[in-house]
Every structure is written in structure tokens, then in C-alpha cells.
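Asks: Take a look at this one; I'll ask things after.
The values are calculated or read from the model by the stated rules, or taken from the named source; none is laboratory data. Being a predicted model, the structure only gives us computed values, none of them experimental. Cβ placement follows ideal geometry from the backbone for every residue including glycine, while neighbour counts extend to all protein chains displayed.
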Amino acid sequence: MIQNPDRRTEKPNVLTRQDSIIAIDHEQGFNWLSYKIIGSTAKPWENVVLASSFTFMSKHLFRHELRTREVDLLVFQARLAELTNELLQEMKAIVPVEWVAGHSLLDEIVEYLLDASQHSVQFINNVNYLLQ
């Protein structure tokens, strides 16, 4: 859903402390926005075959760990399904205006997250497929 193709072993962009992980550097989190200019805006819940062809996924920092253990994504799926337009609009309202001035990316991200919420079952099914 949030892709971060630059979050890989040689550039993890995470801080760790004991059992805690804090992800930093989210500049490519919604990198699919920039792919629009070359015609690809694939959503991970729409086409698992296309999503599995993204080469960055094989290099993602957490991929190996996630593939070597059973991952229960039901809580994440439930939380994702709880996202509503109202909640996303509340979140959008607290984003500093300087971060969004001059473009509509935040509106597109809200739309994307709402779409993901409405397709949470398909999204989780595809994630499970990609982790096989």
C-alpha cells in the first residue's frame, strides 16, 4: 500500500531500539503518484500479478523476515477497513499547509487510502500471496 521502494537493506531508513522499529524518510511512500506520468498507477489490491512484478519488492528491507514467518494481517485488515472519508479528512486537515501548497497530492493520497479501505480484503489477500 505504501511502497517505499528505497527501503532496502543498503538503505533501511529505519531506526531500531530493542523491539521497536521507527520508519523514517517517507519521501517515496506514495511513489505511485510519480508513475502516473508513465501510465502505471497499479493498486496492490487490483492486480497481484502486476504488483509482484515490481522489482523493488524483492529488495525491500522487511521482505525476507516477513516471508520466513507466519504473519497475521487480520488486525491490519480490520484497521484498514475502518478508514472512512471523515477520518481521512480529519487527518488531512492537520497536515501543515506548507507541505501541500501548489499541488493536489494529498487529495490523491486520501482517495487512494479510502480505496484501499474499501478493498481491504483483496489487499490482504494479495499481500499474503506476495509473501509466499
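Asks: State the number of residues belonging to segment 51-81 that are outside any helix (DSSP H, G or I) and either closer than 17 Å to residue 5 by Cα or within 16 Å of the chain's Cα centre (by Cα) (or both). Talk me through it step by step, then tell me what you get.
Replies: So the first thing to find is which residues in segment 51-81 are outside any helix (DSSP H, G or I), and the list is 53-55, 60-62, 68-73.
Cutting the leftovers down to either closer than 17 Å to residue 5 by Cα or within 16 Å of the chain's Cα centre (by Cα) (or both) gives us 53-55, 60-62, 73.
Matching residues across segment 51-81 total 7.
Asks: Another one. Would you pick out the residues in segment 1-24 that are β-branched (Val, Ile, Thr) and within 26 Å of residue 110 (Cα to Cα)? Break it down into steps so the answer makes sense when it comes.
Replies: Step one: of segment 1-24, the residues β-branched (Val, Ile, Thr) are 2, 9, 14, 16, 21-22, 24.
If the condition is that a residue be β-branched (Val, Ile, Thr) and within 26 Å of residue 110 (Cα to Cα), then 2, 14, 21, 22, 24 are the ones that fit.
Asks: For segment 12-41, enumerate the residues that are modelled with pLDDT under 70 and surrounded by 15 or more Cβ atoms within 10 Å (Cβ to Cβ). Break it down stepwise before answering.
Replies: Taking segment 12-41 as the starting set, the residues that turn out to be modelled with pLDDT under 70 are 32-41.
Hits for segment 12-41 are 32, 33.
Asks: Quick check: anything in segment 96-107 more than 30 Å from residue 10 (Cβ to Cβ), modelled with pLDDT of 90 or more and in contact with a helix residue (DSSP H, G or I) (Cβ under 7 Å, 6 or more places away or on another chain)?
Replies: no
Asks: Has segment 121-131 got any residue that is polar (S, T, N, Q), in contact with an Asp or Glu (Cβ under 8 Å, 6 or more places away or on another chain) and either more than 30 Å from residue 67 (Cβ to Cβ) or outside any loop (DSSP other than H, G, I, E, B) (or both)? Can you show your working first?
Replies: Of segment 121-131, the ones polar (S, T, N, Q) are 122, 125-126, 128.
Filter again for in contact with an Asp or Glu (Cβ under 8 Å, 6 or more places away or on another chain), leaving 122.
The next check asks that each one be either more than 30 Å from residue 67 (Cβ to Cβ) or outside any loop (DSSP other than H, G, I, E, B) (or both); those that pass are 122.
Yes - at least one qualifying residue is present in segment 121-131.
Asks: Here's something else I'd like to know. Select, from 68, 55, the only residue that is of a type in the set (Val, Ile, Thr), modelled with pLDDT under 85 and out of contact with any helix residue (DSSP H, G or I) (no Cβ under 6 Å at 6 or more places or on another chain).
Replies: Numbers: 68 fails: modelled with pLDDT under 85.
After ruling out the rest, the residue left standing is 55.
Asks: For segment 83-106, name all the residues that are within 16 Å of the chain's Cα centre (by Cα), without any contact (Cβ under 8 Å) to a residue 60 or more places away in the chain and part of a helix (DSSP H, G or I).
Replies: Within segment 83-106, the first condition is being within 16 Å of the chain's Cα centre (by Cα), and the residues that meet it are 83, 88, 105-106.
Now narrow it down to the ones that are without any contact (Cβ under 8 Å) to a residue 60 or more places away in the chain: 83, 88, 106.
Result: 88, 106.
Asks: Something else now. Which ones in segment 99-113 are surrounded by fewer than 16 Cβ atoms within 10 Å (Cβ to Cβ) and under 18 Å from residue 81 (Cβ atoms)?
Replies: Of segment 99-113, the ones surrounded by fewer than 16 Cβ atoms within 10 Å (Cβ to Cβ) are 99-108, 111.
Within segment 99-113, 111 is the sole residue that qualifies.
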